Amino acid sequence: MGWIYLLLGGFFEIGWPVGMKLAQTTGLRFLYLALAVVSMGLSGYFLYMAQRTIPIGTAYVVWTGIGAVGTLLIGIFFFHDSASIWRLLSAFLIIAGIIGLKLAS
């Protein structure tokens, strides 16, 4: 169950920077800021739940990795951020590190 909590926390970790970005680009500023705050809270709660059964170092790296790579991909696909080879290679290295930690734990 810890890994499910961690995945949920990682997905909510993506929600708060996206909410902040949308608050800057639309007229619904307070709605998207509220979405960001709720996402922060849920993200932290699910990380807390995951750490009951997953080592703190592994949980934190996976949680931030999901948030970082997920936010990078949303930026590329929806906000027209750069998709240079170096950015994609760096994201791949983050994913490889997460897989390595999962295999080692």
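Readers should treat all values here as calculations from the given coordinates under stated rules, not as data from a laboratory. Keep in mind the model is a prediction, meaning the values are calculated, not measured. Here the Cβ is made from the backbone with ideal geometry for all residues, glycine too, and neighbour counts use every protein chain on show.
Using C-alpha pairs under 8 Å with a sequence gap of at least 6, the mean separation divided by the residue count of the chain gives a relative contact order of 33 percent.
Extension gain for TRP3 to TYR60 (0.36 nm times residue separation, less C-alpha to C-alpha distance): 19.3 nm.
Each principal axis of the Cα cloud of the chain was evaluated for its coordinate range; sorted largest first, these ranges are 45, 34, 16 Å. Taking a point 7 angstrom from the Cα of PHE11 along the C-beta vector, which residues in region 20-52 have backbone N less than 17 Å away? The answer is 36, 38-50. A straight chain from ASP81 to ARG52 at 0.36 nm per residue would run longer than the Cα-Cα distance by 6.8 nm. With 0.36 nm allotted per residue and the present C-alpha distance subtracted, the ILE95-THR25 stretch has 22.3 nm of extension available.
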